[in-house]
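Right, one structure below, let's go through it.
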Amino acid sequence: MAVAVRGSRSSGGGSGLSLRSFFSYRIFVSAMFSLLFIATLSVLLTTDPSTSHHESGLPTTGNAYVHRTFLALKSDPLKTRIDLIHKQANDHITLVNAYAAYARKLKLEISRQLRMFDDLANTFTDLSMKPTYRASLFESDGPIDEDVLRQFEKEVKDKVKTARSMIVESKENYDNQLKIQKLKDTIFAVNELLIKAKKNGAFASMIAAKSVPKSLHCLAMRLVGEKISNPEKYRDEEPELEFEDPTLYHYAIFSDNVIAVSVVVRSVVKNAAEPWKHVFHVVTDRMNLAAMKVWFKMRPIEGGAHIEVKAVEDYTFLNSSYVPVLRQLESASLQKFYFENRAENATKDANNIKFRNPKYLSMLNHLRFYLPEMYPKLHKILFLDDDVVVQKDLTGLWQIDLDGKVNGAVETCFGSFHRYAQYLNFSHPLIRQRFNPKACAWAYGMNIFDLDAWRRGKCTEEYHYWQNLNEERTLWKLGTLPPGLITFYSTTKSLDKSWHVLGLGYNPSISMDEINNAAVIHYNGNMKPWLDIAMNQYKNLWTTYVDNDMEFVQMCNFGL
């Protein structure tokens, strides 16, 4: 019995515990709701009732979003509507201003549209500043007049519609203008790169043209080696009487290029009716003298023609006390011009790049002004450059009456090109007083000189006079054509153009009819026929006269 009573107490105690737990849970939930209510009330009470609901800077995330949500709940729905209208207007003001700025940047010729964009942006701004709307919608603490709001909304929507139509209308035009502007910028950038590439290309072309190819260096070394191996076979011989015989046809060739000289000589002889009457005076520098002599000893000229090979140093009168160019080449200023920052200066000044050519430092290039003194017993002589090929018998040149003039040459001018003004500095008073800038220039490379008329006219002294005046290069740039144009200004006889066709070293557009009809073709320019950069359409005209049977030509792999 006692046990039963104890058990019933136990059971009643468990019921009491469950009841207490239930009431505790309800108290906890009630407390949480109370706290939530207090927090909400706190938010509502702390909100500034004067906050302008049309401000575009209201936050939209996190706690700020809760803040804006409660603000919207307690605010007038019409004010929320004002906020949306105001935001839409601001967005279109920004868009209109962006397009207007875009148009100004592109410098479009659409002043009317620009004015409309500006007016539209100002209208959006002025719309909210109208006294009616400002007093009724933005500054009123009382209820908003829905009729005024509806009118405001209508005006805003009308302006938005206008802005959108203008943007759609002009968008394609702006896109095209942007493409045009980008294209102009691209063209400008590409043009800058092109100018730079041309300068670099011109300098690289000069290096390629004036450097000694491996094959040519190999040939010279082989020839010198041949002389060292067989000195008894290449002893100097006595001068031939024909070298001073004025009744024969004499040629002057000044070069340090063995293969080029051999081509000139072979082409003359193969096209000559009486080759035994032709005499060649070849002058080279001391470095190439042995190679030049060995070549013509190993490969004698066909047809009984005569050849004399000498070095510049054999003409003892050519010294710095007599020759202005030699004296000027010793000056510090000229050496600075050539050797200090040469690559950099050349690429900066593409117009003068060819005048920095090392050939102008060689006396071989200036021997042409001393022909009467080098060959005192001759009456006439034909000067040939080493980059020419002879295609016809040239003896007719000795029969041309030069009318008492010194130089017979082919004129090179056409239109305004290759006039004296292109070669001489006519801003200098001496040049301006003595020469006509429109006078026609002529070509070096194939010139028949009357040496007797030269001596009578004292042309060498005339050359010295002008060369001394040009020590600072104020009358002309370096080279031999400008002083030649000056020296023989009024003493040059114009020859028929078929005697001498130029440009095969730079002009790819010369007609083959003109070339085939020419007595002499000239590879003037950088693309010499013995170089890899030669123009293929003209190269075979030169290789035809290369002595391919010569063993050293084969060994040195000229790649012809």
Item checked: Approximate spin-label separation residue 540-residue 193, in nm, with each point projected 7 Å along Cα-to-Cβ -> 3.8 nm
Notebook entry, point to check: Between residue 302 and residue 326, 0.36 nm times their residue separation minus their Cα-Cα distance comes to what?
Noted result: 4.9 nm
Margin query: Starting from 0.36 nm per residue, how many nanometres of slack lie between residue 473 and residue 286 once their C-alpha separation is accounted for?
Written below: 64.5 nm
Margin query: So, R0 is 22 Å and r is the distance between the beta-carbons of residue 555 and residue 237; what FRET efficiency does that work out to, to 0.05?
Written below: 0.25
Item checked: Inter-site label distance for residue 494 and residue 422 at 7 Å from Cα along Cβ, in nm -> 1.5 nm
Checklist line | Ordering of 493-504, 195-206 by burial proxy (mean other Cβ atoms within 10 Å per residue, highest first) | finding: 493-504, 195-206
Next item on the list: With a probe of 1.4 Å, find how much accessible area segment 442-544 has per residue, and write the answer as a whole number in Å².
Entry: 41 Å²
Next item on the list: Give the whole-number value, in cubic angstrom per residue, of the convex hull volume spanned by the C-alpha atoms of segment 366-463.
Entry: 138 Å³
Checklist line | Extended-chain gain in nm, criterion 0.36 nm per residue less alpha-carbon gap, residue 400 and residue 212 | finding: 63.9 nm
Notebook entry, point to check: In whole percent, how big is the carbon plus sulfur part of the accessible area of segment 411-560, probe 1.4 Å, protein atoms only?
Noted result: 48 percent
Notebook entry, point to check: So, with a 1.4 angstrom probe, what is the percent of accessible area on segment 192-294 that is carbon and sulfur?
Noted result: 56 percent
Checklist line | Distance between modelled label sites at residue 507 and residue 98, nm, 7 Å Cα→Cβ extension | finding: 5.9 nm
Next item on the list: Quick one: compute the contact order of segment 356-476, relative version, from alpha carbon pairs under 8 angstrom and 6+ residues apart, as a percent.
Entry: 35 percent
Check: So what does residue 373 come to for accessible area, using a 1.4 Å probe and Å² rounded to 10?
Finding: 70 Å²
Next item on the list: Across segment 382-512, how many lysine pairs, 8 or more positions apart or on different chains, have C-alpha atoms separated by under 23 Å? Please give the number.
Entry: 10
Margin query: Assuming a strict under-27 Å limit between Cα atoms, what lysine pair count do you get for segment 206-310 once near-sequence pairs (fewer than 8 apart, same chain) are dropped?
Written below: 24
Next item on the list: Would you rank 183, 541 by solvent-accessible area, highest first, keeping every protein chain in place and using a 1.4 Å probe?
Entry: 183, 541
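The values are calculated or read from the model by the stated rules, or taken from the named source; none is laboratory data. In this text, all values refer to a predicted model and were calculated from it rather than measured experimentally. In this analysis, Cβ positions are derived from the backbone assuming ideal geometry, glycine residues included, and neighbour counts consider all displayed protein chains. All accessible areas refer to the heavy atoms of the entire protein, side chains included, with ligands and DNA or RNA removed. Shrake-Rupley method; radii C 1.70, N 1.55, O 1.52, S 1.80 Å.
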